[in-house]
Amino acid sequence: MTSFSPSRRASLKLAVALGLSTLLTACGPEPKPSFSGTDISGTGLGKELAMLDHTGQPRTLADYKGKALVVFFGFTHCPDVCPTALAQLAQTLQLLGDRAGEVQIAMISVDPERDTPEIMARYVKAFDNSFVGLTGTPQQLQQTAKSFKAYYAKVPDKANNSYTMDHSASFYLFDKNGQARVLASGISSAQDLAKDIKSILN
């Protein structure tokens, strides 16, 4: 029977412990990616998206599977927030370089009364030709916005006999399987958006 000195036995115990630790780490779940925005994985946000694209075709999340999808709610008469957000998204695509083709940017109109598919097409493509504009009936918008937990409301503009729209201004990021992953602030930088998109692409 082979015998070991106390120091030898201690060394062997340490080696076994380290080996088990490495094995357990390798078999454990992969660490979650660190996002600049809020991790919304598993929430199911946006799963009831059902709108018309700027060509008049019905669209759901399933139509964008295979690409990361970035959704923003806005409207074409928006004076500042929406143009700024779309410009940020155009810059984000530039930062993604060769991977930009793996991403689809979509703006959902909260003003379907004025934002026809044709108007949406001209508006979003002024920022980037790959952008998609989604609109539809008030009922489609209500269902879709509820699914995203997105806020919007018509605000009368009596001075001009018109109205404007209040709306939430966040970016919703979906992975290639159509799962909601990140909720980013409307003032997120293009750099932060690009970082989070790369995280869900990898």
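Could you check how many residues of region 156-191 are free of Cβ contacts under 8 Å to residues at least 24 places away in the same chain and assigned to a strand (DSSP E or B)?
Of the residues in that region, 5 qualify.
From A194, A121, A153, A87, which residue is in contact (Cβ under 8 Å) with a residue 12 or more places away in the chain, part of a helix (DSSP H, G or I) and touching a strand residue (DSSP E or B) at 6+ places or on another chain (Cβ under 7 Å)?
The match here is A121.
Inside region 98-118, can you point out the residues that are surrounded by 19 or more Cβ atoms within 10 Å (Cβ to Cβ), over 14 Å from M51 (Cβ atoms) and without any contact (Cβ under 8 Å) to a residue 60 or more places away in the chain?
I105
Could you identify the single residue in F148, F127 that is open to solvent by less than 40 Å² (accessible area, probe 1.4 Å) and either hydrophobic (A, V, I, L, M, F, W, C) or in contact with a Ser or Thr (Cβ under 7 Å, 6 or more places away or on another chain) (or both)?
F148
Which number in (1) in contact (Cβ under 8 Å) with a residue 24 or more places away in the chain; (2) open to solvent by 10 Å² or more (accessible area, probe 1.4 Å) marks the one condition that Q142 misses?
Failed condition: (1).
Can you tell me which residues in region 48-78 are open to solvent by 70 Å² or more (accessible area, probe 1.4 Å) and either in contact with a strand residue (DSSP E or B) (Cβ under 8 Å, 6 or more places away or on another chain) or hydroxyl-bearing (S, T, Y) (or both)?
T55, P58, K67, H77
The values are calculated or read from the model by the stated rules, or taken from the named source; none is laboratory data. Since we're looking at a predicted model, the values are computed, not measured. Here Cβ is always computed from backbone atoms with ideal geometry, including for glycine, and neighbour counts include all displayed protein chains. Heads up: the accessible areas ignore ligands, DNA and RNA and are worked out on the full protein's heavy atoms, side chains in. Shrake-Rupley method; radii C 1.70, N 1.55, O 1.52, S 1.80 Å.
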